[in-house]
1. Return the whole-Å distance between the Cα centroid of the range 97-131 and the Cα centroid of the range 1-68.
2. Report, in cubic angstrom per residue, the convex hull volume of the C-alpha atoms of the range 3-126.
3. Just to compare against my own numbers: the Cα pair-distance distribution for the range 4-50, 10 Å bins, whole % per bin, please.
4. Would you mind putting 90-98, 111-119 in packing order, based on average other-beta-carbon counts within 10 Å, highest first?
5. Determine, for each peptide in 28-36, 67-75, the mean count of other beta carbons within 10 angstrom over its residues, then list the peptides with the highest first.
């Protein structure tokens, strides 16, 4: 979405919905921080709140120099749409430069609910030395544990019992030009 169009839409939702209370902006800030850290792409994450209606929740993140800004923009867009924005309504605009990404978003809880706005900036920065030494220490000690807990939806990993079950053979059919199908093992 173009930035001018986003500003028009954001202003319209601000004029037609109540502002959130402090608890709602605090909750969104907590969700944003957790989602950004969960990506593993950002080594520095700072999240805060303001009284500015155009950016009630603000965030500044740093990503490693080896990561392309377009990859960081894609990760920010996923965090915004999948984890932070309310399900009822959302709008966002993203600006990507060579080493800088900026996301501005507005979302509304429900037809009669409040709105919330986010302004997030991601910059390419070298990883702080404290974090590098922490990563080196954690990488030196690798603990292998069996997979437990909730499975990942796409892979089914995490089921210890499913590893013992036999996997049935997959059969696929091949459609010929004549329209008949033949099974392929």
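1. 4
2. Convex hull volume per residue, Cα atoms: 88 Å³.
3. Values per bin, smallest distances first: 22, 33, 36, 8.
4. For the peptides 90-98, 111-119, the packing ranking is 111-119, 90-98.
5. By packing density, highest mean first, the sequence is 28-36, 67-75.
Bear in mind these aren't lab numbers, they're just calculated from the coordinates by the rules spelled out. Model, not experiment: these values are computed from the prediction. FYI the Cβ positions are ideal-geometry reconstructions off the backbone, even for glycines, and counts take in every protein chain you see.
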